[in-house]
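The values are calculated or read from the model by the stated rules, or taken from the named source; none is laboratory data. Quick caveat: nothing in here was measured; it's all calculated off a predicted structure. Cβ placement follows ideal geometry from the backbone for every residue including glycine, while neighbour counts extend to all protein chains displayed.
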């Protein structure tokens, strides 16, 4: 048997049940090494000890401080779920991975608002060659892949979905009191509560998100809904519908004395 210890460990973690994107392209050792993940990272992700990008100890603190913030905000009941590639490895089909040099340069230009310089183009070429030299890449974007390609300027973020009747009722009250300029209560397409209303309704959770954004050096974005959670909008926005699913990654307060 050949390969480094980490490669062999990764191969073990990639044994059935197989991990693949929705196009059926299986996750491989090469994919994981390119995005900087280890066998232990994948094992912790499979067991839901921690999402991608966090150690179990950091994730435990992440959850603990979140629910402390919710308590300080006086929220009586709260449902919290992690969305996005940190939870499921891949972004949705609306975010395809560039597969050609032309697509790569076009995406760089779109994000930066300008074409790459000659130095940036050389760096981009090296990253592209490293990505595609060994085997095919998934059609969907794996966690952190756009950052590793130097296409995104920031690492993949943590999308936190909070559902709470208390937050929704407070947002309605703030809106009715005219504390902010007139605005819709909910986003017209995706249904989440207005971010500025939520920041006033749950200031400790807003502070928690900002604090953790600095701590993990990647955006922690909170979107809030009423206690029943997002409506099922599959018929109108497809997989972008944020409604509750059986496979959702649910955050819970850590149990003291249990790792």
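General observations
- Top-ranked residue of the stretch 149-202 - restricted to ones that are crowded, with 16+ Cβ neighbours inside 10 Å, without any contact (Cβ under 8 Å) to a residue 24 or more places away in the chain and under 21 Å from the mean Cα position of the chain (by Cα), ranked as nearest to residue 234 (Cα to Cα): 194
Quick grid of which residues meet (1) modelled with pLDDT under 95; (2) surrounded by 13 or more Cβ atoms within 10 Å (Cβ to Cβ); (3) touching a strand residue (DSSP E or B) at 6+ places or on another chain (Cβ under 8 Å); (4) assigned to a helix (DSSP H, G or I):
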position: 215; (1), (2), (3), (4): no, yes, no, yes
position: 218; (1), (2), (3), (4): yes, yes, yes, no
position: 223; (1), (2), (3), (4): no, yes, yes, no
position: 228; (1), (2), (3), (4): yes, no, yes, no
position: 231; (1), (2), (3), (4): yes, yes, no, no
position: 238; (1), (2), (3), (4): yes, no, no, yes
position: 253; (1), (2), (3), (4): yes, yes, no, no
position: 259; (1), (2), (3), (4): yes, no, no, no
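- Residue within the stretch 97-117 that is assigned to a helix (DSSP H, G or I), in contact with a helix residue (DSSP H, G or I) (Cβ under 7 Å, 6 or more places away or on another chain) and exposed (fewer than 15 other Cβ atoms within 10 Å of the Cβ) present: yes
- Scanning the stretch 69-96 for residues that are in contact with a helix residue (DSSP H, G or I) (Cβ under 8 Å, 6 or more places away or on another chain) and part of a helix (DSSP H, G or I) yields a total of 3.
- Any chance residue 74 is at positive phi, loosely packed, with under 13 Cβ neighbours inside 10 Å and either under 17 Å from the mean Cα position of the chain (by Cα) or modelled with pLDDT of 85 or more (or both): yes
- Filter result for residue 133 (modelled with pLDDT under 95, more than 15 Å from the chain's Cα centre (by Cα), surrounded by fewer than 16 Cβ atoms within 10 Å (Cβ to Cβ) and closer than 30 Å to residue 115 by Cα): yes
- Test: residue in the stretch 48-69 that is surrounded by 14 or more Cβ atoms within 10 Å (Cβ to Cβ), within 19 Å of residue 146 (Cβ to Cβ) and touching a strand residue (DSSP E or B) at 6+ places or on another chain (Cβ under 8 Å): yes
- Residue 61 being at pLDDT 85 or above and over 24 Å from residue 24 (Cβ atoms): yes
- Check on residue 123, over 14 Å from the mean Cα position of the chain (by Cα), at pLDDT below 85 and part of a helix (DSSP H, G or I): no
- Among the residues of the stretch 181-198, those that are under 17 Å from residue 166 (Cβ atoms) and either assigned to a loop (DSSP other than H, G, I, E, B) or out of contact with any strand residue (DSSP E or B) (no Cβ under 9 Å at 6 or more places or on another chain) (or both) comprise 185, 192, 194.
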